[in-house]
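Contents: one structure, followed by commentary.
Quick note: the coordinates plus some simple rules give every number you see, no bench work behind them. Just so you know, these numbers come straight off a predicted model, no measurement behind them. Glycine also receives a Cβ, built like all others from the backbone with ideal geometry; neighbour counts cover every protein chain displayed.
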Amino acid sequence: MRITYYGHSCFGVHVDGQDLLFDPFVSGNEAARHIQVDTIPASIVLLTHGHGDHVADAQRIADRTGATLISNYEIASWFSGKGVKDTIGMNTGGTVLVDRIQIKFVWAAHSSQLPDGSYGGNPGGFVVRTSEGAYYNAGDTALHMDMQLLAEEQPRFAFLPIGDHFTMGVADAIRAAEMVGVRQVIGIHYNTFPPITIDMEAAVKAFSDRSITLHLPAIGSTIEL
Ligand code: NI
Ligand code: MN
């Protein structure tokens, strides 16, 4: 699968002829100033929760690409009310099939509120199952025991927040990777704002000490996993 990182918690995954784009927050991200929002490919836009640093560019991208916007029921309805044409509202534990890709909305321990103060439903993460295997995007979350259940989904890799303060930090993300049973982690939700600044080298080493590879791709770069 081809993964392109757009900064913060936003990345695209190209697989099975689809471009899945998670948590687009690019135009307001100083660290991603070199990314042109209007060139990011998307056929499915997935939002883990309603906070601005996850949904800011969702409508702009969905309107341009005609992508299907998938999130919890409240967030999908909010975007539908704003004119986004193709939305799917889910709730925790549900799975939807889009083309040949299975998308499951799973628990996250966090909060959720939309940029205008509207109720943002429950935050979540996604387990995505493709012809090339499954992966897990934890979204914004604390470490929680339900992650143990996700090992049964046999994800090949996981996107985990590592910035601390608003989500789990490196130590808990390592425990999360072990619970979920992945040896390949892509770090998200770090270095965007001062409170979530981390020592990247120390983070990579801490994961590697537990035989887990932490990928921290540069913003705008692409990796294959
Ligand atoms: Ni958040
Ligand atoms: Mn966030």
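Reducing region 158-225 and region 43-87 to their Cα centroids gives an inter-centroid distance of 26 Å. Subtracting the Cα-Cα distance of residue 80 and residue 209 from 0.36 nm times their residue separation leaves 41.9 nm of extension gain.
Residues whose amide H falls under 5 Å from that of residue 88, counting only those 5 or more places apart or on a different chain, are 69, 70, 71, with hydrogens built in the peptide plane.
Calculated translational diffusion coefficient of the chain (10 °C, 1.306 mPa s; Stokes-Einstein with Kirkwood radius over alpha-carbon pairs) equals 93 µm²/s. Spin-label model, residue 100 to residue 221: label points 7 Å out along the Cα-to-beta-carbon direction sit 3.1 nm apart. Approximating the spin labels as points 7 Å out from Cα along Cα→Cβ, the residue 200-to-residue 16 distance works out to 3.2 nm. Apply 1/(1 + (r/R0)^6) to the Cβ-Cβ distance of residue 145 and residue 118, taking R0 = 30 Å, and write down the FRET efficiency to the nearest 0.05. Here the calculated transfer efficiency is 0.50.
Remark: relative contact order (region 2-224) = 17 percent; criterion is Cα-Cα distance under 8 angstrom and separation of 6 or more residues.
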